[in-house]
Amino acid sequence: MAYAKLAALAVLVVLLWASTGTVARSSPAVSTSKVDGMPGVMTVNGFERGEDGGGPAECDGKYHSDDDMLVALPTGLYQGGARCFKMIRITSAGTGRSVEAMVVDECDSRKGCKNNIVDTSKAVWKALGLDTNVGEVPVTWSDV
């Protein structure tokens, strides 16, 4: 009887843990191997104080200029900071242009950021010849 109660308690703990979003299920499992040509959806993010990007960047706890080539990746691709300050190449599906941007932040998948988001500064949009008012555009990205 004690084992049955213990097993039931263990099941309840696992279910509670899963329902709180603390399980890594919200992001795809990604190895630390190089990414090459991963499809994504680029969105515009504000990296300056007071903008829609929220608080300071996860990589260094600082705010950054939107004039810099910056990117925030979703939790699974951010890899707990393993990609901090690394460059990725972003290619617009619409214009065919490519740019390099530095990973400085996490787009938290546990708080609603989709697993395929490439959240970039306005400078990236400008360099790709895109209008930030569009909101979302298809891209591919690769580690540099």
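Here are a few things to note about the model shown:
- Residue satisfying all of: in segment 53-90; more than 16 Å from Val118 (Cβ to Cβ) and of a type in the set (D, E, K, R); least open to solvent (accessible area, probe 1.4 Å) among these: Asp60
- Leading residue by the ranking (modelled with the highest pLDDT) among those in segment 15-65 that are aliphatic (A, V, I, L, M) and part of a loop (DSSP other than H, G, I, E, B): Ala57
- Hits in segment 95-112 (condition: touching a residue at least 40 places away in the same chain (Cβ under 8 Å) and open to solvent by less than 70 Å² (accessible area, probe 1.4 Å)): Val103, Val104, Asp105, Glu106, Cys107, Ser109
- Output for segment 60-100, where each listed residue is charged (D, E, K, R) and over 20 Å from Lys122 (Cβ atoms): Arg83, Lys86
- Pair list, Cβ under 9 Å, 6 or more apart: segment 123-136 residue at positive phi, other residue open to solvent by less than 50 Å² (accessible area, probe 1.4 Å) and not in a helix (DSSP H, G or I): Gly129/Ser92; Gly135/Thr43; Gly135/Val44
- The set of residues in segment 117-140 that are of a type outside the set (Ser, Thr, Tyr), out of contact with any Ser or Thr (no Cβ under 7 Å at 6 or more places or on another chain) and buried (at least 18 other Cβ atoms within 10 Å of the Cβ) comprises Val118, Val124, Ala127.
- Of all the criteria given as (1) in contact with a helix residue (DSSP H, G or I) (Cβ under 8 Å, 6 or more places away or on another chain); (2) open to solvent by less than 20 Å² (accessible area, probe 1.4 Å), the one not satisfied by Phe47 is (1).
- Scanning segment 106-122 for residues that are farther than 13 Å from Pro39 by Cα and touching a helix residue (DSSP H, G or I) at 6+ places or on another chain (Cβ under 8 Å) yields Glu106, Cys107, Asp108, Ser109, Arg110, Cys113, Lys122.
The values are calculated or read from the model by the stated rules, or taken from the named source; none is laboratory data. Note that this is a predicted model, so its numbers are computed, not measured. Please note: Cβ atoms are built from the backbone with ideal geometry, for glycine as well, and neighbour counts cover all protein chains shown. When the accessible area is computed, the model is the full protein with side chains, heavy atoms only, and any ligands, DNA or RNA have been set aside. Shrake-Rupley method; radii C 1.70, N 1.55, O 1.52, S 1.80 Å.
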